[in-house]
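Peer 1: To start, I am sharing the structure in question, which I have written as structure tokens.
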Ligand code: TYM
């Protein structure tokens, strides 16, 4: 990870996860685990449950509230320490929506029209997609830039959105003749930046996939995890000796990468151990490893979910701290843009 992107701005990490359904193994390995690593390295970090993003597609209000608390529990169980990192939900800090509006006026229709995630999510029925779904990446830019964050750890699927965040920062700075927003650095690292579906190695593992067998949920019990890996699509060949031997074997590569990520080693090391073995031998080992990692996590989530008031208190505290960082940035943005702010600071 380079920290040369914005030497004028001290290194600060921001990342977000949508509370739209439960957490998958993809979210855990591609995002949460890496957030914890950054926190543990002592980097100044903010982690946000992006409920404003979630409602760009319809969410049942009671389920959204539940999913937001469950996601907070997932972060805490994975090792995010609210004393060291700021953990909060997006809608409690007004700067996100305020800055997103300003960025809606900076971003160009053509830029947003090119976003593959919008095309995927809107599908054929684009006319019926919400305006929020179209403007989604401008809100994401606001999330990050409201804190002058410099580094954003994400999975591979967020790369295009972060390029747009960079374009928005550059255009804002250029249009207003300032050097105000940092040009953020995406941090897409490790073996699990794109965990794939267990049913189809060409599609990413996703909480919105119609088939529950395609994903491991953090809340799945041991039997379900074992069954999902047992039924995972593979090929009849034994495992090769080197990563080059996984070429053209998307499903095999995915399971090897999951094993490597769960055991904190490399693809090479996993192949050195399992070369020549078939999936009949490999899958049960993978299932055991996943259960050993996820069982304590889901037990801790259940324990935390028994006290929703405490989760809400932690999120409120995180939002206060985030708000204190974002307010001075917003005051400067208004000054730069030419908006009068004559009310006393809250
Ligand atoms: P979301 O909620 O879809 O996913 C949260 C994080 O998990 C990663 N991820 C994966 N990583 C590896 N393999 C997978 N199969 C997999 N599925 C998901 C995602 O890349 C992401 O890092 N737009 C964002 C949320 C967001 C955000 C932000 C992120 C809003 N504002 C600001 C960073 C900074 C999203 O929908 O993530």
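FYI, it's all coordinate maths here, none of it is from the lab. Source: prediction; values computed, not measured. When we count neighbours, we look across all protein chains shown, and the Cβ atoms used for this are built from the backbone with ideal geometry, even at glycine.
Peer 1: Test of understanding: in a Gaussian network model of the chain with alpha carbons linked when under 10 Å, which of 98, 310, 127 would top the mean-square fluctuation ranking?
Peer 2: Result: 127 has the largest fluctuation of those listed.
Peer 1: Compute the acute angle (0 to 90°) between the alpha-carbon long axis of helix 250-262 and the principal axis of greatest extent of the alpha-carbon atoms of the chain; round to the nearest 10°.
Peer 2: On a 0 to 90 degree scale, this one is about 70.
Peer 1: OK, next. So for each of 195-201, 314-320 I average, over its residues, the number of other beta carbons within 10 Å; can you give me the resulting order with the highest mean first?
Peer 2: The most tightly packed comes first, giving 195-201, 314-320.
Peer 1: Something else about it: Using only alpha carbon pairs under 8 Å that are at least six residues apart, calculate the relative contact order of the chain and give it in whole percent.
Peer 2: Taking the mean separation of contacting Cα pairs over the length of the chain, I get 23 percent.
Peer 1: Using Cα pairs under 8 angstrom and six or more residues apart, how large is the relative contact order of region 1-109, in percent?
Peer 2: Once divided by the residue count of region 1-109, the mean separation gives 32 percent.
Peer 1: Which three lengths, in whole Å and largest first, does the chain cover when its Cα atoms are put on their principal axes?
Peer 2: 70, 43, 43
Peer 1: On to the next question. So which residue, out of 217, 128, 173, gets the largest mean-square fluctuation from a GNM of the chain using Cα contacts under 10 Å as springs?
Peer 2: Among 217, 128, 173, the largest GNM mean-square fluctuation belongs to 128.
Peer 1: What is the helix-to-structure angle for 131-145, meaning the angle in degrees between its Cα long axis and the longest Cα principal axis of the chain, kept from 0 to 90 and rounded to the nearest 10?
Peer 2: For helix 131-145, the angle is close to 80 degrees.
Peer 1: Let me ask something else. Quick check: the angle from helix 308-337's long axis to the longest principal axis of the chain, C-alpha only, nearest 10 degrees?
Peer 2: 50
Peer 1: Out of all DSSP beta bridges with both ends in the chain, state the antiparallel percent to the nearest 5.
Peer 2: Of all bridge pairs located within the chain, approximately 15 percent are antiparallel.
Peer 1: If you don't mind, another one. Kindly put 134, 279 in sequence by how many other C-beta atoms sit within 10 Å of each C-beta, fewest to most.
Peer 2: Fewest to most other Cβ atoms nearby, the residues stand as 134, 279.
Peer 1: To continue, here is another question. Any idea what the alpha-carbon Rg over 2.2 N^0.38 Å comes to for region 28-113?
Peer 2: Ratio of Rg to 2.2 N^0.38 Å for region 28-113: 1.26.
Peer 1: Relative contact order of region 212-303, please, whole-number percent, based on alpha carbon pairs below 8 angstrom and at least 6 residues apart.
Peer 2: Reported relative contact order: 38 percent.
Peer 1: Rounded, prolate or oblate: pick one for region 212-303, where a ≥ b ≥ c are the square roots of the eigenvalues of its C-alpha gyration tensor, a/c under 1.5 means rounded, and failing that, prolate if a/b is larger than b/c, else oblate.
Peer 2: prolate
Peer 1: How far apart, in nanometres, would the label points at residue 101 and residue 125 be if each is projected 7 angstrom from Cα along the Cα-to-Cβ direction?
Peer 2: 3.0
Peer 1: Moving on to the next point. Listed highest first by mean packing, meaning other Cβ atoms within 10 Å per residue, what order do 204-210, 108-114 come in?
Peer 2: 204-210, 108-114
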